[in-house]
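Heads up: the structure comes next, in structure tokens.
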Amino acid sequence: MPTAKRKKIKKRTKYTAFGACVILLALVGIVAVIVLAVNTTVKVLDDSEQKAEFEKYLAPVVMFDPVAFESIDKASEKMLLESSLWATLMNMDSNKYNYDDMQMLVVNQTDVDAACAKLFGKDVKLDHQSFGETQMNFIYQSEDKTYHIPVMGVTNMYTPKVEKITKRAGKYILKVGYIAPDSDWTIDPAGSRPDPEPSKYMEYELKRDGKEYYITAIRKFEDGKYDKPSSSSGSDVSAGESPGGVSSGAGSSENSPPASSGTPSSEAPSSSEAAA
């Protein structure tokens, strides 16, 4: 075979191999893009983990069914204090518990202030004082700025169920179901225990503060209010964002379940029993 023809065949083979490599790399790239798109879609659609984070965050607020407010300055001071204290108890490290001579749990005011900032923003200042009832007294001592709390269990409190998350203009709008304390005991005719259904819904508005969010309003839920997507930001929640930390009288709704006496134990509360 002439030398020129051999060179031509060799050159053609080289280009063919190069073209095959390009096609192979292109296919690999397409597959990678498809896999990434699928994973991203699944991650966006499956927001169960973020809902669970919000439920934990909102628990010390929802538990006493606070009266709705449109801005934080309209919220009950007692509700702010009580929710902040319960958020402290729910998130305390059990190894850091201290007790007084009466075996009452001692909580520092600074810890309560920190919990308040995570729930309601850094601008909210608590009016520290004693509150509660005969069997459930939260005693505030101004001398050393601590709360002294009897170690007892708490029942008959609402627990939150976040059913929808909408993100608009730097805010989270949450559809929050209120699970009544007796819902866990419901059994259907077949003898199984279905997931408890909320007895009512409320809308919680959380505002962005850096990488965290804090509660700015609680409203009566209006079905369909946020069904249309926003033109500035979608209704989907960005991955990786999470909320910040985490009532009787004026701070509680008249529809609240009757609050039993009691306060936190040494164990963190579950979704159906608030205890610290």
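Identify all residues within the range 120-175 that are among the polar types (S, T, N, Q), outside any loop (DSSP other than H, G, I, E, B) and surrounded by fewer than 18 Cβ atoms within 10 Å (Cβ to Cβ); write none if there are none.
ASN137, GLN141
Can you run down the residue pairs with Cβ atoms below 8 Å, 6 or more apart or on separate chains, where the first is in the range 154-168 and more than 13 Å from GLN50 (Cα to Cα) and the partner is at pLDDT 95 or above and of a type in the set (Gly, Ala, Ser)?
Close Cβ pairs satisfying both conditions: THR159/ALA59; PRO160/ALA59; PRO160/GLY177.
The values are calculated or read from the model by the stated rules, or taken from the named source; none is laboratory data. Since this is a predicted model, take the numbers as computed values, not measurements. So basically every Cβ, Gly included, is an ideal-geometry build from the backbone, and we count neighbours across all protein chains shown.
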